[in-house]
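**Q** Structure in structure tokens, see below.
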Amino acid sequence: MKSISIKKIVIILVCYCCFSSCEDYLEINDPYGQLPNDEVFEDEITATAAVTTMYAKLRDEVLITGGQTGLGFLMGLYADELDYYALGEHAELFYLHQVIASDATVANLWNSAYNLVYMSNAVLEGLENSQTLTLEVKKQLKGEALFVRALSHFYVVNLFSDCPFITTTDFQNNTEVVRTPETEVYQYIIADLVEAKSLLGNSYITSERTRPNKWVVSSLLSRVYLYTEQWEKAENESSQIINSTALYDIQVPLEEIFLKQSPSAIWQLKPKNEGDNTLEGLLYFLSSPPPQISALNPELINDMETTDLRKQHWVNEVSDGTSSWYLPYKYKQNSNTGTSMEYSIVFRLAEQYLIRAEARARLGNLSGAQADINVIRLRAGLDNTTATNQEELIDAIITERRFELFTEHGHRWFDLKRTGLADQILSPIKPGWASTNILLPIPENELLMNPNLNPQNPGY
């Protein structure tokens, strides 16, 4: 884990904001961004820039980026969503389940996540020490920083299991950290999210839904409760979001769900430059077949019902006259359109219906689970579910998540992992699969620099 001073980190935050077009989130007048540390959190503009820079990093570099280093792509290959066509590239090892502890992509996932944690801690410390920011501004920025810290740890603990939960920028402390048990990491994540939710308001700071409000925090919190099998809390949290009808609407035509103004979007990342669109749109664009990088696993398409409108609107079929391939087509823009049309959506309302459906099914509220899954099915042009008992309903919900959330930030992989289905689904189709692949390895360099992070995950 890289260690840099808090003064350097805040300067980097502001510099990044100036030099990587973070003005999409906030305009900064200082041309160099070289502000003394004690000034960054004494001014609302620069303090806000320190926070919004973290969203730019998420968009471009870290975890939920829509590019080739993001979890939507990497874990789509790791699971059963995407087939890989390039040779010798970094992602091939994920597709083949040949990842090793010295893998640079694994190291990037770990290091970029903890760099973001460091940034969020630097913001929290800067806000705590600020003497001039108003209480209102402090509450908003603190809530956002806590949310980002929780989000980062959420993905790390799901990829690697036991992991350090870092709450300080202290150099000495961070070079000697140990791996926190997974159950405790989740407790800390929940504590951060509960506090963040108490600090943020119902409304968005901007109309574009690029800055978190309390419902964005609730969206992650409901997912955490689902993953930790706290069914009643998951149902309650998702219900609060679903009932926020003044802000959100599930009844959006499928072809409009991934437009930037979609009322089903809960939180989204704005493109770097005006007129740009999403990295997902660029990644999955194919000018002429065959695919050069990846395509959807044909079984995903074959398993969808014939009348499923998601197949029509969210999948692009391309052919060379002999063979056909299927590509994700949720985001349709792959070039500058003058005015940006699509933002990368991180949380959307459909997931909340599926979270509540699963929570209700596991609690024995079968009619409630049926009602929720049918909302998603009817919007996709399908009939009501035929599942009637608990086991059938849970299977139907996991299947519905597969068709609704494909290639979105690793949902399919995390579903296979948390439900214990990874061996059953992947072993017949992935020759390199081993049961120990349920976790990624702790990066080798991290273990060398800090032996306290041992033992390595099984199988590596």
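**Q** Take Ala361 and decide whether it is touching a Leu at 6+ places or on another chain (Cβ under 6 Å), in a helix (DSSP H, G or I) and surrounded by 19 or more Cβ atoms within 10 Å (Cβ to Cβ).
**A** yes
**Q** Testing Val106 on (1) crowded, with 22+ Cβ neighbours inside 10 Å; (2) assigned to a helix (DSSP H, G or I); (3) touching a helix residue (DSSP H, G or I) at 6+ places or on another chain (Cβ under 7 Å), one condition comes back false. Which one is that?
**A** (3)
**Q** So, Arg402, is that one basic (Lys, Arg) and either modelled with pLDDT under 95 or farther than 19 Å from Thr228 by Cβ (or both) or not?
**A** In short, yes.
**Q** Give the residues of the stretch 328-353 that are within 21 Å of Pro212 (Cα to Cα) and either open to solvent by 30 Å² or more (accessible area, probe 1.4 Å) or in a helix (DSSP H, G or I) (or both), sorted by residue number.
**A** Listed by number, the residues that qualify are Met341, Leu349, Ala350, Glu351, Gln352, Tyr353.
**Q** How many of the residues in the stretch 272-298 are open to solvent by 80 Å² or more (accessible area, probe 1.4 Å) and over 24 Å from the mean Cα position of the chain (by Cα)?
**A** Selection size over the stretch 272-298: 2.
**Q** Inside the stretch 169-241, counting only helices (runs of 4 or more DSSP H) that do not spill past its ends, which hold 3 or more residues that are within 19 Å of the chain's Cα centre (by Cα) and in contact (Cβ under 8 Å) with a residue 60 or more places away in the chain?
**A** 214-227
**Q** Here is a list of conditions, (1) open to solvent by 10 Å² or more (accessible area, probe 1.4 Å); (2) within 21 Å of the chain's Cα centre (by Cα); (3) not small (Gly, Ala, Ser), and Trp314 meets all of them except one; can you say which number that is?
**A** So Trp314 meets the others, but not (1).
**Q** Only one of these is under 21 Å from Ala56 (Cα atoms) and either in a helix (DSSP H, G or I) or open to solvent by 10 Å² or more (accessible area, probe 1.4 Å) (or both): Leu159, Leu146, Leu133. Name it.
**A** Step by step, each of Leu159, Leu146, Leu133 is checked, and only Leu146 is under 21 Å from Ala56 (Cα atoms) and either in a helix (DSSP H, G or I) or open to solvent by 10 Å² or more (accessible area, probe 1.4 Å) (or both).
The values are calculated or read from the model by the stated rules, or taken from the named source; none is laboratory data. Computed from a predicted structure; not experimentally measured. Backbone-built Cβ (ideal geometry, glycine too); neighbour counts: all protein chains shown. We work out accessible area using only protein heavy atoms, side chains counted, and drop any ligands, DNA or RNA first. Shrake-Rupley method; radii C 1.70, N 1.55, O 1.52, S 1.80 Å.
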